[in-house]
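Read through the structure below, which is laid out as structure tokens, and then see the notes.
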Amino acid sequence: MKPAKYLLLFLCFVPLLIFRDFTPNNELKYLSIADEALRDGHFFAFWNHGAPYADKPPLYLWIVMLGKWLSGTHSMFFLGLFSLIPAIIILRIMDKWVSPFLHERYRNSIPAMMMTSGLFAGSAIVIRMDMLMCMFIVLALYTFYKLYTEKGNKYDPILLPIYIFLAIFTKGPVGILVPVISIPVFLWWQGKLRTFGHYLGWKQWGILLGMCTIWFGCVYMEGGKHYLNNLLFNQTVNRAVDAFHHKAPFWYYLTTIWYSLAPWILLYLTAIILGLRQKLFNNDIKRFFLVIITTTFVALSVFSGKLDIYMLPVFPFTGYLAGLMLPSLPLRRLQIMIAIPAAILSVAFPGYFIARHMVEFPFTPTILYPLCAFIITTGSIGALYFLYRKQLLPAANSMAAGLLIAVFAGSFAIPALNPLIGFKAMTDKAASIAHERGIEKYCYFPFRSAENMDAYLNQTVYPLNVNEIRDCIGKENFILFARNKDIKRNPALYSLTENTESYLYGNYRIFVFSPNTK
């Protein structure tokens, strides 16, 4: 695939990174943790408002800290690049990997399909460490494969453990789980399990353990024994055996994979299943991809803690394994697997107007919304036309192009939606009022992630219950943030705020308690 096509994929998502606000529950928390680390001079052990935060390794938080240090503020565009660029790199690696086995016309279609595959596309634009970890996992597995096929260079035996460490250093145990399970299972299938030490021998384990030892030593010096114990055991063993967060049954991923890889999941699964039935797994690369998918899927299903995004390392191998099958499969069976989602998406344009009459939108519609729906409908109808002409790849390209162009166009409507997405518009208004009125205190009636608004306000935001709010009124000036549903559910809170100057921002409201209150 030519570089210009990667650039086009990249540019389709750039406006989202320019216009979107940070989401409160995870993204804003990372900003607040990074700010606290910069203030306190911590680089290996982290806290969130005084509470130990051993949930994540430091690499991604270092990136957040770097962005703040360079510009003095947190930039969605800067941080988003560390999800979007790794996604593009993953596609480039996978394309290079399969290039000896797959014609260019197939390799031109698969990246567009991947970048419109539900959670893979979503992971490319969220401020999380998952896509970066996935990139290091793909690099590690590709490096192993080069060594296995004797096409590696003299640096690959050293790069392999470094890539695995960077995957761990980015997200945690999944970084080592995927390569360390899939590589021996693949070697066993090939009848070469005894050669495992050639790829992950004493030298590789020594490098990996040495780097981990340095990391853990730095954690111990900054956070102490309890923090290190939390990092090594509570966030790994306990989450795997009896998770305290995101606990789900064994079959969880069997239900989530359908929307995680929509609208292409039917095509992906059909291609792989037909490949198995027709015994098309006749070379090393197909077998290795299948092993990576199945071993990771089973291992993550066994673990107690589950989230849709944990399955991200499986997605590129699923898409490209399906691509490797396509040239050898009957067209008729594959056509229907694109026709079904294309038919559903083709009603996006009329569906928008039906929804307008049936559902009250929490935002003011603009011309961009029906335009995006029209683009999706046009691309999907184009796909159905190409399928009628028995042209599978042009059909896939048409549907993917419609989705990508709709993402690009829809990004320009994001600023109007930001009050529903994050807290920036609300905190900017609050800061403006506080500056005009000389108010120095920000408070909130407890709701999730409210304390992390300090990343926007550059000062502490205090939680207040109803009695504390009542005690503060008339004695000091302050700004209060509260959720609309909490105000409606709590008669005492409603009574205290009923006649107070307020401003509505999405699902939240700002109350101004000052001598100038109207």
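The values are calculated or read from the model by the stated rules, or taken from the named source; none is laboratory data. Everything numeric in this text was worked out from a predicted model, so none of it was measured. A quick note on method: Cβ atoms are made from the backbone with ideal geometry, for glycine too, and the neighbour counts reach across all protein chains shown. Accessible surface is based on the protein model in full, side chains and every heavy atom, while ligands, DNA and RNA are left aside. Shrake-Rupley method; radii C 1.70, N 1.55, O 1.52, S 1.80 Å.
Worth a mention:
- Count of segment 474-486 residues which are open to solvent by less than 40 Å² (accessible area, probe 1.4 Å) and either without any contact (Cβ under 8 Å) to a residue 40 or more places away in the chain or touching a Gly at 6+ places or on another chain (Cβ under 8 Å) (or both): 4
- Any hit, segment 416-438, residues being in contact (Cβ under 8 Å) with a residue 24 or more places away in the chain, under 12 Å from Tyr508 (Cα atoms) and not in a helix (DSSP H, G or I): yes
- Looking across segment 110-131, the residues that are open to solvent by 10 Å² or more (accessible area, probe 1.4 Å), under 24 Å from Lys29 (Cα atoms) and among the aliphatic types (A, V, I, L, M) come down to Leu119, Ala121, Ile125, Val126.
- Any hit, segment 354-376, residues being more than 25 Å from Pro15 (Cα to Cα), of a type in the set (Phe, Trp, Tyr) and either at pLDDT 95 or above or open to solvent by 30 Å² or more (accessible area, probe 1.4 Å) (or both): no
- Of the residues making up segment 40-56, at least one is without any contact (Cβ under 8 Å) to a residue 24 or more places away in the chain, part of a helix (DSSP H, G or I) and open to solvent by 10 Å² or more (accessible area, probe 1.4 Å).
- Restricting attention to segment 455-473, the residues that are touching a Leu at 6+ places or on another chain (Cβ under 9 Å), open to solvent by 20 Å² or more (accessible area, probe 1.4 Å) and under 19 Å from Ser32 (Cβ atoms) add up to 1.
- Residue check, Gly152 surrounded by 13 or more Cβ atoms within 10 Å (Cβ to Cβ) and free of Cβ contacts under 8 Å to residues at least 12 places away in the same chain: yes
- Filter result for Arg448 (of a type in the set (D, E, K, R) and surrounded by 14 or more Cβ atoms within 10 Å (Cβ to Cβ)): no
- Of the criteria (1) modelled with pLDDT under 95; (2) surrounded by 14 or more Cβ atoms within 10 Å (Cβ to Cβ), which one Phe244 fails: (2)
- Within segment 272-346, helices (runs of 4 or more DSSP H) holding 2 or more residues that are of a type outside the set (Lys, Arg), open to solvent by 40 Å² or more (accessible area, probe 1.4 Å) and within 30 Å of Ile375 (Cβ to Cβ): 331-345
- Sole residue being small (Gly, Ala, Ser) and modelled with pLDDT of 95 or more, chosen from Ala87, Ala4: Ala87
- Filtering segment 162-193 to residues that are more than 30 Å from the chain's Cα centre (by Cα) and part of a loop (DSSP other than H, G, I, E, B) leaves Gln190, Gly191, Lys192.
- Filter pass, Ala434 being buried (at least 18 other Cβ atoms within 10 Å of the Cβ) and either within 34 Å of the chain's Cα centre (by Cα) or on the phi > 0 side of the Ramachandran plot (or both): no
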